[in-house]
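The values are calculated or read from the model by the stated rules, or taken from the named source; none is laboratory data. All of these numbers come straight from a predicted model, not from anything done at the bench. Virtual Cβ from ideal backbone geometry, glycine too; neighbours counted across all protein chains shown.
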Amino acid sequence: MGNLKEKLEEEKKKKKKSEKAKKTNAELFQKKVMLKKEEKQNENIKTTGKKKRRREKENNVNADKVEGEKNKNKPRKKKRKGEEKNNALVGKSVQQDGYEEQNGKSKKPNRKKKEHHTLKKGETIPEKIEEAVEDGAYYISSGEDCSKGMRKWLTEYRQSRPGLKVLQQWIDQFITAHEEKLEQERNEREARVAEDGWTVVVHHKGRKKTTDSQSGITVGSVAPAVAESQLTKKKHKEIGPDFYRVQKREAQRNEILAIQSKFEQDRKRIQQLRAAGKFQPY
Amino acid sequence: MDVDTLMEPMDLKVSELLKEVQVDYSPALTELVDDTVSAIKEAINQIPEGIEVTVDEAPGFVKDIGADKVEFKFKKPKSVEIGGSYSMKCIAKPDINVDLFIQLPKECFHEKDYLNYRYHAKRFLYLCILKKFLKSSSLVHKVEWSSFHNEARKPVLLVYPARKVVEFPGLFVRVIPTAKFLFNVAKLDMKRNNIRALNQEGNTPLPTPRYNSSMLEDMFLEDNTEFLKKTFLGWRELREALILLKVWAQQRSSIYAHDCLNEFLIAVILSYLATYEKVNNSMKPLQIFRVTMDFIASSKSWSQGLYFWQQREVKVSKEERLLYKETFPVVICDSYAHLNLAFRMKSNGFLELQDEAALALKCLEKSGDVAFEDIFMTKIDFSSKFDYCIRLNLKGNSKVCASGFCLDDECWRLYEQKVHNILSQGLSDRAKFIRVIWRNFHSDCDMENGLSTLDTEPLLIGISVSSLEKAFRVVDIGPNADNKEEALKFRKFWGEKAELRRFRDGKIAESTVWESEQWAKHLILKIIEYVLLQHLSLSKTNILQVVDQLDFSLLHGVEDPMSFSASLLAAFELLSKRLRCIEDIPLKVSSVQPLDPAFRFTSVFPPRPHPLASEKGHVPKLRKLISSCIQPLEVMIQLEGSGNWPMDEVAIEKTKSAFLLKIGESDIVKRVPFVDKKLFVRGQHSSMINGLQGIYQMYGPVVRLAKRWVASHLFSDCLVEEAVELLVAHLFVKPLPFTAPCSRIAGFLRFLRLLADYDWTFSPLVVDINNDLTPIDKKEIYDNFTPSRKGHEENAQNISPSMFLATSYDKASEAWTRFAPNSLELKRLVAYARSSANLLTRLVLEDQTGPLKWECLFRTPLSNYDAVILLHAGRLPYPQRLLFPSNSNQGRLVVHGNASKAFQPFMLPGDLRGNSEELKHKLMVNFDPLMSYVADLQKEFNTFKLWYDSLGGDAIGLTWETKKRGRDEAGEGEDPIKVLKGVGEVGKGFVRSVYFLKAPRLMK
């Protein structure tokens, strides 16, 4: 966050304003006007410190006292907000309850965010919006937090690209570990077998023995592809599918059955389509 | 019905279709018709005999058709009789109407009233009187003017009965006057001139064959209907075939028009085939249909003309035949041999008809019953059939009727012909078909006041491109310069566009040169606009061409990113060459294959060269905004075979990465997160589509529009890009009943209709790109498909995949649509496609649509979701791809957030300092916050489904997943607002606002 300057300036402004507000506290009528102004200004302010919030709250409470009991919700809500803000990270769930109660289901007030408001009812709305804005502002102020949102994704992106050297290292490590693991497994296996009192027959390099030395019978395995091709060759010698009359008849019957089932299927389908009013060419 | 009688696969469907469209003559119908007819008769009886009828009944009409003596004394009609298809029992829904012939009495006409439009004027005045009295009848709801086959000089009356019957909505009776025995037939011979105004020049009088035919038609209307009735009434199959033909024609608006086919002519052609025993009693309706199509498409008889015989001989001499042939493009002479029944048919309409019939035959050749849908159930209107549609707004254009409304032909028909001639000369062999149709009648025509209001509807032009090579030809070579006469004609036609050029072979010739942006391909648009403006007195705003209206969705700013494809391919070539040359790796690279759609011209946004990615390594000056994100393109590398690969899956991945690292020392780095099978399928798909794209130039642009549409309606998660490519491929490899589309809008419309109309539940879509699927393959596909629909009986939603897309490399539809769309998503997709298709059709065919309407095809309504998340457009990786910034005015705002400052999609001026190496580090490859956000949301929540646009939308729709009863009791109680807050939280710095629209529906 490189906008410390901005922050400072904003804070200065705010102080001035709140001071002003205090001065005008004396006069009831004027104060109302000032409060309106302040609310508007608050809209623009996006970063706020704890201290200021408290001060604000006090102001609001005062204002509410003056305004009477028209807005019962407001002070309560404000209080809660103040409390919860102290819990630092909560932020989002803040104030929503009050917001819901007041705002009801109408969407129009939301849209009027920055418009002038002359109605009394309207006076409460900018505040709500302001809260919404503050709500957003909260994310900015917690920008250091990398556990969620844009910053998290950026961090993840960077972590996923550690650079070629590091990546090579990781892979080398994995391969070494992997090979070690394989080696170890083999050793263990051999050891286990050896314990049973059997000798391990070590594979010898050289020509594969495919015939038994005594009988001369072919032993070793045959490649599966070769075996399969030989099998299919054999199959060809079998009798064709339409050699016997029985076979032909059976095939014919099967065909008719297939057509019959297709026919039934079609009929059902057309019934469905017609029921849905889709079987019309117009 | 018995199976044995229905061995032909289409027969069942055809017989069901007939049941659907035929009208049975129930008492309800006959009663209604009889009542209405007798009400009409009643009204006629009330007209006092012998009242004077004068011009004052309809001065405008009489003046406009130019008749002179029109007064007569009213007499009752000689007869009132039901005719037309109702009398032949051949009505096809939805057009349920009854023709009523009213025979005009001879007493009202003079012997010479065939001259100078007197007959037409009197005929109209007679109807005016009828109308007056019909209107006062309490049994008649309303009376309207209409025309007889769009012929303005021959209006007819539509009478709507006051009593409404639910089964027959909109039934009306057409009152058609006939002129039996009114005139001497010899006077109406084709060679004769009967409009004196036409021969003022003093030369030999011009014959008026169309005017004469118009009267002859009325004179023999009853006889001809009687003749047809005789043929049809005793022959059920022939009647059914007629109805099938009507259905076929009704689906094709380009041939079911005044200058081509109508119900009457279909019946005439069928009865011709019956008379000449080309069809016989043993044939089924579908067989008759097939014979008729074959006859229309390829019979040699058309070149001589069709002549009915009487007692086995034709009474037309050779000279007369020649004369008929010279006068009319198509000749169907009635059995009385006085009249060419097809005198309205134009040659371009007939060519179109033959082509459609040939296409129908092609459909019938296909195995199985697919042809049924293509022939009878698919709508083939102007917008989907023609590659280019143009509307001319001619309202109030005085040039149309400059020399009078009605000459031998009517001015609107002459204008159609003129426009057609201009376009066919201008486009020459670029166009296969040019159709010009101007429908003049609308329901509230006020005929009494004249014909000047008949130009309110726009004139519609449809153009089919012959081939894209011809369509995009830049230079048209005209006649040699030596050929003075031809050259002069050429110059006259082309005006200042014509220029004399010397060609490479030394020839010097007149020519025209047309230039167009390489990727836009709208060259035809320029030609059409030029010739129309050159020859018709029109302003540019009255020519509405449907060509480039959707291009905006594919542009980056003002340019189409497709224009960088050449450099993209060059870069790929270079890369693959280098990869194959790398020596110092254990296994050499044996092949390099592109996987990304950008390499096959089907990517909506192929990347453009990044200014910082040049090899020279210099830092460019800041002219434009430089994107900070780079879109990677995937390439598949195949290594030499080796037996030393590890068996363990993780180990394979790691070894692959090691190889890539080794390769990367010389070039690039990429992680390969795919299993081999997926990679293989993608490779297959890529090469297949690449091949297809090479054959059909329009394939790429149509795919791009389709992909953009899918994404902009937030379906990115439901339909993957490859599936869209296959759907569009299907339009090109199996275009019937159309031909392959040659323009992006026609192709896009057909894509939408395919999505909307295909029977996804009961049929697999087999996309046979290389046309190499054997019957065994197809059987395998169906065998895979059938079990996937087993569950449908119990639960309609229980089918997976709901969209079965089979190809030669993926016969079980596992590659692209296995998990998405599910049946609910597909339902939504289909509904959206349908409404978009309807909107697009309207935009093409109708006027009065503002510029905003075209955009609506890509602007998705945000009200159809339970909640909407709006994002900060400025934090999207490519903000320039956002079509419309979204704003929700629905629901209530529950979360509001600010944009993070940690990420900018563009390089800031400050970032550009430093050397290029540092700069390159700042670039982010494949960073997409939207996808990260979606992934995070899907990880953290399972109570809702997300709808988003991966191409660059700033809105995400959210719908609650309805839960089954009993399960997840805890989850049900969750407060939706709370969930949405959580949703906003996860997208911190990216989410602009979240709107809540609807609470989850709890199923109890």
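Figures for the structure shown
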quantity	calculated
Scope the range B:98-124; condition in a helix (DSSP H, G or I) and either farther than 18 Å from B:GLN46 by Cβ or at pLDDT 90 or above (or both); matching residues	B:LYS106, B:GLU107, B:ARG118, B:TYR119, B:HIS120, B:ALA121, B:LYS122, B:ARG123, B:PHE124
Qualifying residue in the range B:111-120 (condition: surrounded by fewer than 21 Cβ atoms within 10 Å (Cβ to Cβ) and hydroxyl-bearing (Ser, Thr, Tyr))	no
Count - residues of the range B:6-58 that are away from chain A (no Cβ under 14 Å), assigned to a helix (DSSP H, G or I) and touching a helix residue (DSSP H, G or I) at 6+ places or on another chain (Cβ under 8 Å)	6
Any hit, the range B:225-239, residues being modelled with pLDDT under 90, over 15 Å from B:LYS89 (Cβ atoms) and not in a loop (DSSP other than H, G, I, E, B)	yes
Single residue of B:ALA756, B:ALA740 found to be within 24 Å of B:LEU857 (Cβ to Cβ) and not in a loop (DSSP other than H, G, I, E, B)	B:ALA756
Unmet requirement for B:ASP95, which otherwise passes all of (1) within 14 Å of chain A (Cβ to nearest Cβ); (2) assigned to a helix (DSSP H, G or I)	(2)
Matching residues, the range B:458-475, being of a type in the set (Lys, Arg) and touching a helix residue (DSSP H, G or I) at 6+ places or on another chain (Cβ under 6 Å)	B:LYS470
First in the range B:235-262 and away from chain A (no Cβ under 12 Å) and closer than 14 Å to B:ARG439 by Cα, second anywhere and buried (at least 24 other Cβ atoms within 10 Å of the Cβ) and of a type in the set (Phe, Trp, Tyr), Cβ under 9 Å, 6 or more apart	B:SER254/B:PHE386
Selected residue (only one of B:GLY426, B:GLY462 is modelled with pLDDT of 90 or more and within 21 Å of B:GLY349 (Cβ to Cβ))	B:GLY462
In the range B:406-442, the residues that are in contact (Cβ under 8 Å) with a residue 60 or more places away in the chain, under 20 Å from B:LEU538 (Cα atoms) and outside any helix (DSSP H, G or I)	B:ILE434, B:ARG435, B:VAL436, B:ILE437, B:ARG439, B:ASN440
Selected residue (only one of B:LYS964, B:LYS981 is modelled with pLDDT under 85, assigned to a loop (DSSP other than H, G, I, E, B) and either more than 14 Å from chain A (Cβ to nearest Cβ) or touching a helix residue (DSSP H, G or I) at 6+ places or on another chain (Cβ under 7 Å) (or both))	B:LYS964
Residue in the range A:172-195 that is away from chain B (no Cβ under 14 Å), modelled with pLDDT under 80 and either in a loop (DSSP other than H, G, I, E, B) or over 52 Å from the mean Cα position of the chain (by Cα) (or both) present	yes
Residue match in the range B:69-88 (condition: surrounded by fewer than 16 Cβ atoms within 10 Å (Cβ to Cβ) and touching a Lys or Arg at 6+ places or on another chain (Cβ under 7 Å))	yes
Selected residue (criterion: farthest from the other protein chains (Cβ to nearest Cβ)) from residues of the range A:267-282 that are on the phi < 0 side of the Ramachandran plot and part of a loop (DSSP other than H, G, I, E, B)	A:ALA276
